[in-house]
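Student: Pasting in a structure now, in structure tokens, and then I'll have a few things to ask.
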Amino acid sequence: MKINSDTCYHIYNRGNNKDLIFFENENYIYFLNQFKKHVAPFCEVYSYCLMPNHFHFFIRINEAAPFERGIKNFFISYSKAINKKHERVGSLFQGRYKASEITSDSYYTTIITYIHQNPVIAGLVKNMEEYKYSSYATYLSAKETMLNKKEVLEWFGGLDSFIDHHKISLDDREINKRLKL
């Protein structure tokens, strides 16, 4: 898929053979730090969730060419570090990352909620705010972040509405159809 500037995307991928891409807490932290270094300068980040064998980001690309270089360097740096630390060889990820263009207002709302609900749906936690590797808890805090919280909270009509919207369970079939998973 061709990536365009000034366009929103759901970026995702999973481990090769559906294997783990995160083996320990430090891996998640390193992944986010590498993302901030290589990718975040070229996009607006609205939400993310790092699951043990896959990840999701919802972003708006500001500049396509530097973004493409940055995301390539991001995946190379993360894969090399994991392969070295865990004495493994070969591809960590299942091919190139996937990018689904966000094409409507309802898709914008759905993708943010879907990304944040992932750990609950997978049974990793009971409540979204408990999961350490998702942007959901960041929206509830006043911490500095790479997220464009202001735009997202305005979109939802404020923090209370954002929280209420996340309480609505999304139907897997509708999500998969919309996300083309």
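The values are calculated or read from the model by the stated rules, or taken from the named source; none is laboratory data. Just so we're clear, the structure is a prediction, and the values are computed from it rather than from any experiment. Backbone-built Cβ (ideal geometry, glycine too); neighbour counts: all protein chains shown.
Student: Being free of Cβ contacts under 8 Å to residues at least 24 places away in the same chain, farther than 19 Å from E24 by Cα and under 17 Å from the mean Cα position of the chain (by Cα) is true for just one of K98, K72. Which residue is that? I'd like the intermediate steps shown before the answer.
Tutor: Numbers: K98 fails: free of Cβ contacts under 8 Å to residues at least 24 places away in the same chain.
Answer to the check: K72.
Student: Right, another one. Scan region 67-122 residue by residue and report those that are of a type in the set (G, A, S), more than 23 Å from N33 (Cα to Cα) and surrounded by 14 or more Cβ atoms within 10 Å (Cβ to Cβ). It would help to see each step written out before you state the result.
Tutor: Taking region 67-122 and keeping what is of a type in the set (G, A, S), we get 70, 77, 79, 81, 90-91, 95, 99-100, 104, 106, 122.
Keeping just the survivors that are more than 23 Å from N33 (Cα to Cα) gives 100, 104, 106, 122.
Result: S100, A122.
Student: Still on this structure, I have one more. Of all residues in region 140-158, which are under 18 Å from C43 (Cα atoms) and of a type outside the set (A, V, I, L, M, F, W, C)?
Tutor: Result: E144, T145, N148, K149, K150, E151.
Student: Also, I was wondering about something else. Going by the conditions given, is N17 assigned to a helix (DSSP H, G or I), surrounded by fewer than 16 Cβ atoms within 10 Å (Cβ to Cβ) and modelled with pLDDT under 95? Working first, answer last.
Tutor: Values: assigned to a helix (DSSP H, G or I): yes; surrounded by fewer than 16 Cβ atoms within 10 Å (Cβ to Cβ): yes; modelled with pLDDT under 95: yes.
So N17 passes the test.
Student: How many residues does region 41-53 hold that are under 28 Å from L124 (Cα atoms) and crowded, with 20+ Cβ neighbours inside 10 Å? Give the derivation first.
Tutor: Step one: list which residues in region 41-53 are under 28 Å from L124 (Cα atoms), which gives 44-53.
Now narrow it down to the ones that are crowded, with 20+ Cβ neighbours inside 10 Å: 45-51.
Of the residues in region 41-53, 7 are under 28 Å from L124 (Cα atoms) and crowded, with 20+ Cβ neighbours inside 10 Å.
Student: Something else about it: I'm trying to understand the selection: among the residues of region 27-40, which are under 13 Å from the mean Cα position of the chain (by Cα) and either of a type in the set (A, V, I, L, M, F, W, C) or assigned to a strand (DSSP E or B) (or both)?
Tutor: F31, L32, F35, V39, A40
Student: Give just the number: which of (1) part of a loop (DSSP other than H, G, I, E, B); (2) in contact with a strand residue (DSSP E or B) (Cβ under 9 Å, 6 or more places away or on another chain); (3) charged (D, E, K, R) does E151 not satisfy?
Tutor: (1)
Student: Out of all the residues in region 10-58, which are acidic (D, E) and either in contact with a His (Cβ under 8 Å, 6 or more places away or on another chain) or farther than 22 Å from Q117 by Cβ (or both)? Full working, then the answer.
Tutor: Of region 10-58, the ones acidic (D, E) are 19, 24, 26, 44.
Once the filter is applied, which keeps residues that are acidic (D, E) and either in contact with a His (Cβ under 8 Å, 6 or more places away or on another chain) or farther than 22 Å from Q117 by Cβ (or both), region 10-58 yields D19, E24, E26.
Student: In region 41-61, which residue that is more than 17 Å from R14 (Cβ to Cβ) and among the hydroxyl-bearing types (S, T, Y) is farthest from the chain's Cα centre (by Cα)?
Tutor: Step one: list which residues in region 41-61 are more than 17 Å from R14 (Cβ to Cβ), which gives 41-47, 59-61.
Retained after the next criterion (residues that are among the hydroxyl-bearing types (S, T, Y)): 46-47.
Values: Y46: 9, S47: 6 Å.
Going through the qualifying residues, I end up with Y46.
Student: What are the residues in region 101-120 that are assigned to a helix (DSSP H, G or I) and free of Cβ contacts under 8 Å to residues at least 24 places away in the same chain, if any?
Tutor: Step one: list which residues in region 101-120 are assigned to a helix (DSSP H, G or I), which gives 105-120.
Passing the criteria: D105, S106, V120.
Student: Mind checking which residues of region 123-133 are surrounded by fewer than 20 Cβ atoms within 10 Å (Cβ to Cβ) and not in a helix (DSSP H, G or I)? I'd like the intermediate steps shown before the answer.
Tutor: Step one: of region 123-133, the residues surrounded by fewer than 20 Cβ atoms within 10 Å (Cβ to Cβ) are 123-127, 129-130, 132.
Scanning region 123-133 gives G123, L124, V125, K126, N127, K132.
Student: Within region 81-93, is there a residue that is among the β-branched types (V, I, T), in contact (Cβ under 8 Å) with a residue 24 or more places away in the chain and in contact with a Leu (Cβ under 8 Å, 6 or more places away or on another chain)? Don't jump to the end; show me each part of the working.
Tutor: Keep residues of region 81-93 that are among the β-branched types (V, I, T), which gives 82, 89.
Remaining after also requiring in contact (Cβ under 8 Å) with a residue 24 or more places away in the chain: 82.
Subsequent filtering for residues that are in contact with a Leu (Cβ under 8 Å, 6 or more places away or on another chain) retains 82.
For region 81-93, residues among the β-branched types (V, I, T), in contact (Cβ under 8 Å) with a residue 24 or more places away in the chain and in contact with a Leu (Cβ under 8 Å, 6 or more places away or on another chain): present.
Student: Would you mind finding the one in C43, C49 that is in contact (Cβ under 8 Å) with a residue 60 or more places away in the chain and within 15 Å of M146 (Cβ to Cβ)?
Tutor: Details: C43 fails: in contact (Cβ under 8 Å) with a residue 60 or more places away in the chain.
After ruling out the rest, the residue left standing is C49.
Student: Let me ask you something else. Using the structure shown, decide if I3 is more than 13 Å from the chain's Cα centre (by Cα) and modelled with pLDDT under 95. Show your work before the answer.
Tutor: Working: more than 13 Å from the chain's Cα centre (by Cα): yes; modelled with pLDDT under 95: yes.
Taking the combined requirement at face value, the residue satisfies it.
Student: Still on this structure: Given (1) surrounded by fewer than 19 Cβ atoms within 10 Å (Cβ to Cβ); (2) in contact with a strand residue (DSSP E or B) (Cβ under 7 Å, 6 or more places away or on another chain), where does I29 come up short, assuming only one miss?
Tutor: Unmet condition: (2).
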